[in-house]
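Here the structure is laid out as structure tokens; the discussion comes afterwards.
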Number of protein chains: 2
Amino acid sequence: MESVYKKTGKKVVIVGGVAGGASCAARLRRLDEDAEILMVERGPYVSFANCGLPYFCGGVIEKESSLLVADEKLFREQFAINVRTLCEVVGISAAQKTVQLKNVKTGEVSTESYDKLVLSPGAAPVRPDLPGIDLPGIFRVRYVPDAREIRAWIELRKQDLSGMNSYSGYQMVKRAMRGVVIGGGFIGLEMAENLIHQGLEVTLVHKHDQVLPRLDPEMSRFVERYLEKHGVRLALNDGVAGFQKSPDGSILVITSSGKAHPADIVILAIGVRPETALAKMAGIEIGKRGGILVDEHMRTSNPDIFAVGDAVEVKDFVTGESALIALAGPANRQGRIAADVICGRDSSYRGTQGTSIIGVFGGAAAWTGTNENSLIRSGDKDFEKIYIFPNAHAGYYPDAKMVAMKVIFRKSDGRLLGAQALGLEGVDKRIDVIAMAIQMGLTVYDLEESELCYAPQFGMAKSAINFAGMVAADVLRGDMPVSHWNSGDGGYLLDVRHPQEIAVEQVPGACNIPLHELRARLGELPKDREILVFCRSGQRAYYATRILLQNGFKAKNISGGMLARSVLMKTEIVGGSLD
Amino acid sequence: MESVYKKTGKKVVIVGGVAGGASCAARLRRLDEDAEILMVERGPYVSFANCGLPYFCGGVIEKESSLLVADEKLFREQFAINVRTLCEVVGISAAQKTVQLKNVKTGEVSTESYDKLVLSPGAAPVRPDLPGIDLPGIFRVRYVPDAREIRAWIELRKQDLSGMNSYSGYQMVKRAMRGVVIGGGFIGLEMAENLIHQGLEVTLVHKHDQVLPRLDPEMSRFVERYLEKHGVRLALNDGVAGFQKSPDGSILVITSSGKAHPADIVILAIGVRPETALAKMAGIEIGKRGGILVDEHMRTSNPDIFAVGDAVEVKDFVTGESALIALAGPANRQGRIAADVICGRDSSYRGTQGTSIIGVFGGAAAWTGTNENSLIRSGDKDFEKIYIFPNAHAGYYPDAKMVAMKVIFRKSDGRLLGAQALGLEGVDKRIDVIAMAIQMGLTVYDLEESELCYAPQFGMAKSAINFAGMVAADVLRGDMPVSHWNSGDGGYLLDVRHPQEIAVEQVPGACNIPLHELRARLGELPKDREILVFCRSGQRAYYATRILLQNGFKAKNISGGMLARSVLMKTEIVGGSLD
């Protein structure tokens, strides 16, 4: 395939035509009509919606064509960009500034020179070298054809299992199809949901003790309950050891603990690893976390080679540490920045906050910034956290559901460090607002003063963000010293809930004085011990804490009350799921 | 009714027990267990959900009890606050620091002293002195009993009209009930929707030429189309002149232009006016806009009297001007600040951004900061605006709808001044993020770099916020000079849409060169004239503008393309409603 546009300016070759690569190419053209731009992509499509693949597998996105956001024709016609799909880079000579390109279909190899080279190869799904990994019926979810094959396989096996497909050679057993998803990250959870949409019985096998590792474990617990409620069988804390073929054509997924999960389809979603083969070929530096090393201008150790997207190491915006964070938004932004810099502009990348969201079964989990686990790992002790459970919209308007939020902030100055939110409604909104606040280095005091949209369908007069700011500021100002169920604070446990609530679920050893009786019954409480106060979510305990402190008691509010306890202590609780 | 709690500390009397007053009372108690707090409320309820009243009228909120967020018992038991409802302040002596309270039921008058007085009387619906204003069937929507009466009236009249109520004495005509709503603000629109929920035929009479006056008129136009689409008949630009009774028991709403709208129920929602009678009684200063004057600590001209909520004049956070902005969130915050200050804390109110949202028929309109109209009125010319129409979530995922956004920013430094958004999904989220950005004085360049939640159900990899920032920054950096349909720029009109789109709707006098042919047909364009480029929403016109500028043409993108034209020029357009 010949270049359609031979231009007079610099020649830029972009390797990888999805998020980062495609953004870079389009931006380059906008900035420089004279550049010759060649974008090569190993797969059959450029600019496809990889975040949509699980939903195509599940039939939520019906047509494959919906996944193809822009094609070669559009790049050629609108942007005068040469695109070659099914084109693999098989050699890079940084010295000669050339790449060797192989046509995947014909095997033909050609050489292209470049003035600037942009690597956007992405990250590849981890495919562990396990016994049986190549059995038919085991899939990854990376490219459009993967999803197409998954959907076809599901159709075929469904027919087998319903006895409708007499030609497949499998035994005809009328039962539901069984899927095993391996991995508890984004793709794993999305595939679990989508296999259930397809009518499968689904087991999710995950080697760690929590799903969604960027959440702190107690917040993951809400998600896990919700998944289970929607029919996903969780097999956590158990890695996969291998795969065996059953006589009936199905697969046995054997785990480290020796369990065998039968499956008619297996989805590998263990995680991704930066594609660095090309970078190594070009002799450019790889970072300590295994991604391509770039500076803030997305330039690699070779000044004529840039790299963007999931393959590069980024600076964690909050902690300043080097990190691998595979996200579409940052990839797109990095692509644009590389284009800017190639065109002589002084753009730079500020780092990645890791703002993310995942939708499952109508609910959502989202986060931004750092999490408690990371802070603990790095030895950082200058932080505090709160749990709050505000309504997503006014309680007096129908169908108000709670949002579970954890907010982490600097103890010394109130700066926001991270937030996690879960719920059925408005989760994205809360995290987006906090993401913007973290971007600007704001504090919990700024959240107190925020003025956000309120109408009964959309929020509360005191928004969840105000509420988070107020609770955190109360902690920092000393108005409400805070404790946590798992912080090891010894103390006198005071439950200020109503006896009716306690009849349903109680905390062993806790004394009960309902809030409305507290002022009259202060004499029953010890003055020499720290009183740890709790209620259902923390609101009444806050009022109680204020009463106690002003009456000369030592008191702390156990943040998030019974709702936080249920996940921190892994107790069950009425209403303690996402919904 | 005697005080239940006689405390040893200062005595605070709070007048008004809804948003600002109730927040102030609760915060006072949290800060000071010794204060004696008396909260009096003229109506029958404290802390009721006034923003829910229209939805109670429409039956969306079924039970009246849902509207009662907190009652006297809760205030007494949880907060040791004395509450008197149906209690009117009939006298204030600032010199003696006393208030005279009248029991509305018994007529009994008593005197209470105060150390600090907090006024939170709210704003009253305007009730113009028009002929027939007292006819039965004409209602305002302020208190719970108003909504109760509206619902009862609707039930009764529905029965009349269906011939089921033989005792009412009205003629038995089987037809739909007709409602006329007067006023195009929040309450007016919400009532129009809710009357339609109740099965009424609804006409909305409004004296101005646009609904929702805090939107700029072209953005209101989207809302107006959407209202009409959902069955609301709009009678704009026509004030109400009076009311007449018809023989069949219905009301004729006579307008300034001489029209007569028949109605079985009339809702007065013309606007609100700060309740300043008490303030005047106390001899404290009133501002030039007619609200109670307060400093940043919510203190009036009398150091022992504070005022909060809809009755006070606030500082517009963006423009610094004095303003009347009746919103629940700011009222609550002001209440807490007054309590802080009374308790010796150094809290202050930063001003009101006016962040607002209204839901209608499943859609929403929201805004924050200032609008173009206000800037023009104040003679401010250092601003630019853009219109964008991003998808609320990824286009490849089902049911993606566009959000219409207008963003206004400083030409000189990029500072965000205001934003307006409309659509069926995610409108609150976009405005909340921009509200947070405006709070911190951010610029459009900061929006470019924001990192927000992305999964196909919730947003786009390049979020609407990024998009707004990028488009605005393109304008400020000179990469994309911008024009507007109504800016009077004379120029050569270039339509870069596809001929298929032009077949559906065209702009008289515009030359058509589809984007994908532009590079080959540059010779057809004039070099000596400014070329004003447009497409459907502005995206392709941006690409075209870049091509033109780099090829030595003078070019500007007409912001928002055909979609903006439809509202700015009041043309009709396919797909030009909110949905």
- prompt: Considering only the label points, 7 Å along Cα→Cβ from Cα, what distances in nm to one decimal separate B:D489 from the same position in each other copy, shortest first?
  reply: 6.0
field: Label spacing, shortest first and in nm, from A:N103 to its equivalents in the remaining copies (7 angstrom along Cα→Cβ)
entry: 9.8
message: Please enumerate, by chain and number, the aspartates and glutamates with C-alpha under 15 Å from the C-alpha of A:K102, excluding those fewer than 8 residues away in the same chain.
response: A:E2, A:E41, A:E88, A:E112
task: Please name which of A:G231, A:F243, A:G291 has its Cα lying farthest along the dipole of region A:201-318 towards the positive end, using unit charges on Cβ (Lys, Arg +1; Asp, Glu -1) and the Cα centre as origin.
output: A:F243
statement: Residues other than A:I187 with Cβ under 12 Å of its Cβ, Lys/Arg counted +1 and Asp/Glu -1, net out at -1
- request: Determine ³J(HN,Hα), in whole Hz, for all residues of region B:239-250 in sequence, where each value follows from phi through the Karplus function 6.51 cos²θ - 1.76 cosθ + 1.60 and θ = phi - 60°; x replaces Gly and Pro.
  value: x, 8, 10, x, 10, 10, 8, 8, x, 7, x, 8
task: Quick one: which residues, 5 or more positions from A:E201 or on another chain, have an amide H under 5 Å from its amide H? H modelled 1.01 Å from N in the peptide plane, none for Pro or chain starts.
output: A:M177, A:R178, A:G179
- prompt: In terms of modelled amide H atoms, which long-range or inter-chain residues lie less than 5 Å from the amide H of B:V312?
  reply: B:I292
statement: Given unit charges at Cβ for Lys, Arg (+) and Asp, Glu (-), the dipole magnitude of region A:214-323 about its Cα centre in debye, nearest 20, is 360 debye
task: Using the structure shown, list the pairs from A:K288/A:K570; A:K207/A:K288; A:K116/B:K401 with a Cα-Cα distance above 27 Å, or answer none.
output: A:K288/A:K570; A:K116/B:K401
query: Share of antiparallel DSSP beta bridges in the protein assembly as shown, in percent to the nearest 5?
result: 55 percent
- prompt: Going toward the positive end of the dipole of region A:443-535, with +1 on Lys and Arg Cβ and -1 on Asp and Glu Cβ, which of A:G469, A:L447, A:G509 do you reach last?
  reply: A:G509
query: For label points placed 7 Å from Cα toward Cβ, what is the shortest-first list of nm distances from A:K570 to its copies?
result: 6.8
query: Calculated FRET efficiency, B:S246 and A:H498, Cβ-Cβ r, R0 56 Å, to nearest 0.05?
result: 0.55
field: Label-point separation in nm, B:R350 to B:T98, each point 7 Å along Cα→Cβ
entry: 4.3 nm
- prompt: By per-residue mean of other Cβ atoms within 10 Å, what is the highest-first order of B:493-500, A:560-567, A:204-211?
  reply: A:560-567, A:204-211, B:493-500
Cβ crowding within 10 Å averaged over residues, with A:411-420, A:393-402, B:301-310 ranked highest first: B:301-310, A:411-420, A:393-402
Proximal aspartates and glutamates to B:K385, defined as alpha-carbon separation beneath 18 angstrom and excluding residues fewer than eight positions away on the same chain: B:D216, B:E218, B:E372, B:D413, B:D446, B:E448, B:D474, B:D479, B:D489
- request: With θ set to phi - 60°, apply the Karplus curve 6.51 cos²θ - 1.76 cosθ + 1.60 along region B:95-106 and write out the HN-Hα couplings as whole Hz, x wherever there is a Gly or Pro.
  value: 5, 8, 6, 9, 10, 9, 10, 10, 6, 4, 6, 8
- prompt: lysines within cross-link reach of A:K174: Cα-Cα under 20 Å, excluding same-chain residues under 8 positions apart?
  reply: A:K158, A:K245
field: Relative contact order [Cα under 8 Å, 6+ residues apart], chain B, whole percent
entry: 11 percent
- request: Among the trypsin sites (Lys or Arg not before Pro) in region A:47-141, which ones are in a DSSP loop with at most 11 other Cβ atoms within 10 Å of the Cβ? Mind listing them?
  value: A:K63, A:K105
- prompt: Dipole size in debye (nearest 20) for chain A around its Cα centre, Lys and Arg Cβ +1, Asp and Glu Cβ -1?
  reply: 300 debye
message: I'd like the mean, over residues of B:456-467, of how many other protein chain beta carbons sit within 10 Å of each residue's own Cβ.
response: 6
- prompt: Is chain A best put as rounded, prolate or oblate by its Cα gyration tensor, with a ≥ b ≥ c the root eigenvalues, rounded for a/c under 1.5, and otherwise prolate when a/b is larger than b/c, oblate when not?
  reply: oblate
Positive-pole candidate from B:A260, B:V141, B:N82, dipole of chain B, charges at beta carbon: B:A260
- request: Report ³J(HN,Hα) in whole Hz for each residue of region A:489-505, in order, from the Karplus equation J = 6.51 cos²θ - 1.76 cosθ + 1.60 where θ = phi - 60°; Gly and Pro get x.
  value: 4, x, x, 8, 7, 10, 9, 9, 6, 6, x, 4, 6, 6, 4, 7, 7
- prompt: Under a 5 Å amide H to amide H cut-off, with H placed in plane at 1.01 Å, what residues pair with B:F306 once short-range neighbours are removed?
  reply: B:L117, B:V118, B:L119, B:T300
query: Could you give the dipole magnitude of region B:410-564 about its Cα centre, charging the beta-carbon of Lys and Arg +1 and that of Asp and Glu -1, in debye to the nearest 20?
result: 340 debye
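A short reminder: the numbers here are calculations on the coordinates, not readings from a lab. This is a predicted model, so every value here is computed, not measured. All Cβ positions, glycine included, derive from the backbone under ideal geometry; neighbour counts span all protein chains shown.
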